[in-house]
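Since the structure comes first, as structure tokens, the remarks are kept for the end.
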Amino acid sequence: MKNTFIGTPMERREDLRFLRGRGEYVDDVAMPGLLYAVILRSSVAHGRLVSIDASAALNVPGVHSVITAADMPGGPPIVPMRLQPLPEFKPFEQPVIAHDKVRYVGEPIAVVLASSVAIGEDALDAIAIEIEDLPAVADWRTAAKNQSVLFEKAGTNRSLVFQARKGDADAAFAAAPYVRREQLRTGRHYGLTMEPRGVMAEWDDAKGKLTVYGAAKVPFFNRRILSAQIGLAVEQIDMIENDVGGGYGARGEFYPEDFLIPFAARHVQRPVKWIEDRRENLMAMNHAREEECDLEVACARDGTILAIRGEVHTDMGAYMRTNGAVGARNVSQFMAGPYRVPHVKIDSALWMTNKTPVGTYRGPGRFEACFFLERMIDMIAADLGIDRIEFRRKNLIKSSEQPYPIAHVQPTDARDEYDSGEYSETLDRALKEIDWPKLSKLQGKLIDGKYHGLGAVCFIEGGAAGPKESARIAVNTDGTMSVYMGTSSVGQGVETVFAQIAADALEVPIERIHQVYHGSTAYVSDGYGAYHSRSTVMGGSAVLDATNNFMATLRQAAGKRLGCAESNVTLDVDKVLGGGRSMPLKEFAGLTAEGAFLNKKHTYSYGAHVAHVTVDAKLGRIEIVDYVVVQDVGRAVNPLTLRGQVLGSLVQGLGGAVLEDLKYDENGQFLTGSLADYLLPTATDFPNLRCVVLDDYPSPINPLGAKGAGEGGIIAAGGCMANAVANALSSFGAEPRQLPLSPTYIWELVQAGQRRAAE
Amino acid sequence: MTTKFEVNGKQVSVEVEPRLTLADCLRHELRLTGTHIGCEHGVCGACTVLVDGEAVRSCLILAVQAEGSKVVTVEGLSNDSDLTPLQKCFRKHHALQCGFCTPGFITTAHALLTEEPDCDADRVREVLSGNICRCTGYISIVEAVLDARQFYKGQAAKK
Amino acid sequence: MKLPPFEYACPATLGEAVALLAGHSGEAKPLAGGQSLMPMMAFRIAQPSLLVDLRKLPGLKEIKIGADGVRLGALVRWRDILDDKRLVAAHPLLRDAVSHVAHYQIRNRGTVGGSCAHADPASEMPGIAQTCEAEISVMGKGGARTIKAADFFKGALTTALEPDEIITEIHLPAWPAARRWGFQEFARRRGDFAMAGVALYYDVDGGNVKNAHIGVIGVGDCQRRLPKAEAALNGNAVDDALAVKVGEAAAAEVDPQDDIHASSAYRRALTGTLAERALKAAAARSTA
């Protein structure tokens, strides 16, 4: 019996509890004797922390204690970086609580422990803080002056410059017949999750055991950090992953609160729970995407791209977070996107500013790179008089060129290559889906008061980061099997997808896979987590290895008990057969085997976005008439959940392209402090979206042939929308050079175009 | 203050401070944690419950204001034996991923479909624009609600 | 974002409610739908010592329609207005404006009285009240009084209400069947506060406009009428050229603010565009 659960659009098991309101998110978990933590956060962007006086707060009835840096012998621990942990970044890492300086509005200064959250909040006003203001650094240009420096010891606000190199770009530019240079900018936004963060910690003094709830994304790594900071062995700490209300790269990294709350629990010998509220989340969860480039592209007259060269400046916020360097690193390595570019020279500078620190958000650095290059391609094609679709086709990497080496990044010596795929096929399919030839007649036309525009852009998505992932399979007492994962759930449906993979590999009905457990450190010996679109490839491949090891273990045990050769043992639904005899599988309850998948290579899913929009030039309003994403994912395990990933990430990308904008004033004061200010897409904003998922070019680097595919929808949204708007407003000569495409910005582009025409 | 009201068909009596919101009362006093808190300032809709049949933001209602009313949460729109037709439509169309916003969508959709089983796609989108989802991008949610209309049409005819 | 502590009362009569407000030296606030007050308290921007819940007060939830116009009880909710089919003819401008208010769940709770008392400069209801020269009846410790809309709305979140006064009714004057009207607003997303909005109406006298009323929402510190734009409209026949002129007059007349959602220059231009489009829409409506 050969199963085909892989590739089937299976309904999700998780839904059975989520639809009933029976999900268990960290705030749903109750515990006796709980104290609630409320964090006092800086309202000053940059200053010297002179004194903290919590005495009045301690007198508020219901307040148990107030924890500050002074309670941490030896000073507050530093949060180390997880990715690109370069020595150059060390001076810029964040202490878990402010002690001598505050560097951003939202930085934790004190933790109030109280019998209720409301009382804790009441007590915040009673804590007297003395801060000496320092000049705020509110943008990268001010940072670059190095007049007001965030880290005196470092002496600079620039933590690092990544250098992406391939070939000899300077020589190519010197000889190039055509060069175009532009400054472009993506606005600050972030992977806001509907469930804000939360941490609950319980310290059992008798057992010397710390249990931390609310883990997500990379619990194993975070456990190692916490263990080092808090002075406990890793084995003394359990990180429990409850249901998680979204991740998108932002939730699950190690934040200051991930130390503060366990520390508090141990310090006061009571369980402590902290649930982030939305006001905090906006200023405390990792920001992302604020990058500005000065980019040149060199071409031959026939439109062949010869080289790209330039600088990118990322506004990093006040500290280097665990994965803070990823976006700035990626934008340099992936600036060329899916295009054949033989010479690359990109310097990507990281600037520390008095803003919320930066981490990853789905498609980090890739969203920005796609916007930068795709905007330039449309402008260059127009300059050279070449059809912008033909321009792209000419330069897209061909399957015959795969694997295709990309720019090499220093420091970190990151070399990589794209794995497989015929990139032009997804572009062709997208153009066909939207009927580009028919629509192209509408480009720039004014119909019923609205200008029509088309955009078409291409992207690659990197996935499947290694080095390893683990899974374990065990027989339950009732003869069903359970799968234990080292990867994490952030809502993407792992409980279903891994059941499909396991059921197919074991050739049993999917109901025989009773449950997939994920994330918590108790489940496997060495897990890694959910990031870089790795769960299906890394976790799925680990599941395959686990099923192989499981069957080997089962055959060994069953051969003995059935009295037959191991090779004769087979698993048939709920029975083990061999040598003419059979036994129920439940007789082997407790039998378990682990598996792992080791991987040093990345997968590269790819595709195209094509859009038809209208622009009301007076209102500056954009409406999407039709928007198609075509993505080749190598192998689709669950087409139903895959469509959800593509459309969901697309709407996030459109939010970043049009609506979302984290704003600060020149004093580093945070201006977008509520969901009335930070605008998320709603059901009426982007209704006309569709996607086509292909799996024509499997990845050669893993047994499933799958490619990480959760980020393709977001990566090209900015570039596609901006190109479509430019196309619509071409009669004004409008060239959007920044995101988001707010009504004011669009109107200003039109105004500028009208002024130019009048001259 | 003592406040008495009905939740999911059962009379309850709670002793609460005036400042406790209905959302927090449901979640912590009554341990009905299906109603979620996403913003606490009336924008995201994750806390939507039905009060006297109408969809409302429970983070903007004080528990004491619920005195004498009938409150229905996502738990009250569910049963143990099977998913309801509305829930099945959500599952079929993959109208949820992380599940955090889902209870608010279920209660809102239920209220809409009960009042307007003939609503069209524009009306569905307009009503759902008061609920934020970060995972799905909404298209599958709208598909699910439109699909669910057939199960509410019979009920309207009976009334 | 838990609420700050406060006392709570739920009186059964208007007299009791007024007395409670009067007895708290300006630190008490009435609570109607709570859709504006609760978020302010969640951010601890407002911290009243006492909330006086108005939900039990009798006689404040009716919509009365008669020869003298539309009388909205202060506790009439947005959904009550949208559910009342009589208003389609009795006050189409009110109905259209209300259909833009916030979202489904908020419309089930938010009230006309609450909106006027809160006086957010971007709210539709104060804009309709101003444009239509509504009269707002209030009850306070000094008794009942009626305040003209132009005197009621004084600035951002500022009204003529004394701390002990509660709105009881909003009276919109009679609406002739032949009246032309238009309502245009533009917000970043459906249901958001408008970056600008224009409500207008006029009557027709021998093909020309008379009695023009043009009000702006979301621009400057308060909703208000635009007398210069009205003057540009009165006495003329509406055509595209006039609509452009009226739009320009409206744009010139406002004092727009800069904020994170819109620049002042854009807002000014937006006001003009919306006025022009509202006027064209008004002219295009067929007479009843």
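The values are calculated or read from the model by the stated rules, or taken from the named source; none is laboratory data. These numbers were taken from a predicted model, which means no experiment stands behind them. We place every Cβ from the backbone using ideal geometry, glycine too, and count neighbours over all the protein chains shown.
Each residue in the range A:248-289 was checked for being touching an Asp or Glu at 6+ places or on another chain (Cβ under 7 Å), in a loop (DSSP other than H, G, I, E, B) and at negative phi, and 3 of them qualify. Of all the listed residues (C:P4, C:P11), the sole one being touching a helix residue (DSSP H, G or I) at 6+ places or on another chain (Cβ under 7 Å), of a type outside the set (F, W, Y) and under 18 Å from A:R278 (Cα atoms) is C:P4. Would you mind stating whether A:G713 is outside any loop (DSSP other than H, G, I, E, B), touching a Ser or Thr at 6+ places or on another chain (Cβ under 7 Å), within 14 Å of another protein chain (Cβ to nearest Cβ) and crowded, with 24+ Cβ neighbours inside 10 Å? In short, yes. Set side by side, the residues B:D82, B:D52, B:D120, B:D147 differ, and just one is surrounded by fewer than 24 Cβ atoms within 10 Å (Cβ to Cβ), within 12 Å of chain A (Cβ to nearest Cβ) and not polar (S, T, N, Q), which is B:D82. For the range A:621-642, the condition holds for at least one residue, the condition being that it is farther than 30 Å from A:E14 by Cα, within 9 Å of another protein chain (Cβ to nearest Cβ) and either modelled with pLDDT of 95 or more or not in a loop (DSSP other than H, G, I, E, B) (or both).
Considering (1) buried (at least 24 other Cβ atoms within 10 Å of the Cβ); (2) modelled with pLDDT of 95 or more; (3) touching a strand residue (DSSP E or B) at 6+ places or on another chain (Cβ under 9 Å), the lone condition that A:L689 does not fulfil carries the number (1). Only residues that are more than 7 Å from every other protein chain (Cβ to nearest Cβ), part of a helix (DSSP H, G or I) and more than 20 Å from B:H36 (Cα to Cα) were counted across the range B:85-106, and they come to 3. Residues in the range B:106-125 that are free of Cβ contacts under 8 Å to residues at least 40 places away in the same chain and of a type outside the set (G, A, S): B:I106, B:L113, B:E115, B:E116, B:P117, B:D118, B:C119, B:D120, B:D122, B:R123, B:V124, B:R125.
Residue by residue, here is whether (1) without any contact (Cβ under 8 Å) to a residue 60 or more places away in the chain; (2) within 7 Å of another protein chain (Cβ to nearest Cβ); (3) assigned to a helix (DSSP H, G or I) holds:
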| site | (1), (2), (3) |
| --- | --- |
| B:C25 | yes, no, yes |
| B:R31 | yes, no, no |
| B:G42 | yes, yes, no |
| B:A46 | no, yes, no |
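Of all residues in the range A:677-710, those satisfying the criterion of being at the interface with another protein chain (Cβ under 7 Å from one of its Cβ atoms) and charged (D, E, K, R) are A:D677, A:D685. Criterion applied to A:L659, A:L671, A:L689 was being touching a Phe, Trp or Tyr at 6+ places or on another chain (Cβ under 7 Å) and either among the charged types (D, E, K, R) or within 19 Å of A:F371 (Cβ to Cβ) (or both), and the one residue passing it is A:L689.
Of the strands (runs of 3 or more DSSP E) lying entirely inside the range A:382-500, the ones with 1 or more residues being over 30 Å from A:R329 (Cα atoms) are found at A:450-463, A:468-475, A:481-485.
At least 2 residues being touching a Ser or Thr at 6+ places or on another chain (Cβ under 6 Å), farther than 20 Å from A:Y25 by Cβ and not assigned by TED's automatic domain parsing to the domain that holds A:Q669 is the threshold, and among the strands (runs of 3 or more DSSP E) wholly inside the range A:133-247 those reaching it are A:158-166. The set of residues from the range A:643-658 being within 10 Å of another protein chain (Cβ to nearest Cβ) and closer than 30 Å to C:A262 by Cβ comprises A:L647, A:G648, A:S649, A:L650, A:V651, A:Q652, A:G653, A:L654, A:G655, A:V658. Restricting the search to the range A:502-543, which residues are on the phi > 0 side of the Ramachandran plot and not charged (D, E, K, R)? Those that are on the phi > 0 side of the Ramachandran plot and not charged (D, E, K, R): A:G519, A:G529, A:H532, A:S533. For the range C:21-70, the strands (runs of 3 or more DSSP E) that sit wholly inside it and include 3 or more residues that are under 27 Å from B:A23 (Cα atoms) are C:28-31, C:50-53. Residues of the range A:22-46 being within 31 Å of the chain's Cα centre (by Cα) and not in a loop (DSSP other than H, G, I, E, B), which ones? A:Y25, A:V26, A:D27, A:D28, A:Y36, A:A37, A:V38, A:I39, A:L40, A:R41, listed by residue number. Annotation for the range C:274-286: no member residue is in contact with a Pro (Cβ under 9 Å, 6 or more places away or on another chain) and within 27 Å of A:P740 (Cα to Cα). Got at least one residue in the range A:623-633 being in the same structural domain as A:K450 (by TED's automatic domain parsing) and in contact with a Cys (Cβ under 6 Å, 6 or more places away or on another chain)? Yes - at least one qualifying residue is present in the range A:623-633.
Scanning the range A:473-493 for residues that are touching a helix residue (DSSP H, G or I) at 6+ places or on another chain (Cβ under 6 Å) and closer than 21 Å to A:R534 by Cα gives A:I473, A:V483, A:M485, A:T487, A:G493. Considered as a group, the residues in the range B:13-23 that are in contact (Cβ under 8 Å) with a residue 40 or more places away in the chain and not β-branched (V, I, T) include one that is farthest from the other protein chains (Cβ to nearest Cβ), and that residue is B:L22.
When the range B:78-94 is filtered for residues that are under 15 Å from the mean Cα position of the chain (by Cα) and under 14 Å from A:E14 (Cα atoms), the ones remaining, listed by number, are B:Q87, B:F90. Here's a check for you: in the range B:135-144, which residue that is within 19 Å of C:Q105 (Cα to Cα) and free of Cβ contacts under 8 Å to residues at least 40 places away in the same chain is nearest to the other protein chains (Cβ to nearest Cβ)? For the range B:135-144, the residue satisfying everything is B:Y138. For the range A:603-615, the count of residues that are within 13 Å of another protein chain (Cβ to nearest Cβ) and either surrounded by 19 or more Cβ atoms within 10 Å (Cβ to Cβ) or in contact (Cβ under 8 Å) with a residue 60 or more places away in the chain (or both) is zero.
Residue count for the range B:55-79 satisfying the condition of being part of a strand (DSSP E or B) and either within 14 Å of chain A (Cβ to nearest Cβ) or touching a residue at least 12 places away in the same chain (Cβ under 8 Å) (or both): 6. In this structure, A:F5 does not qualify as within 31 Å of the chain's Cα centre (by Cα), in a helix (DSSP H, G or I), touching a residue at least 24 places away in the same chain (Cβ under 8 Å) and away from chain B (no Cβ under 13 Å). Between A:E587, A:E594, the distinction of being outside any helix (DSSP H, G or I), touching a residue at least 12 places away in the same chain (Cβ under 8 Å) and among the acidic types (D, E) belongs to A:E594 only.
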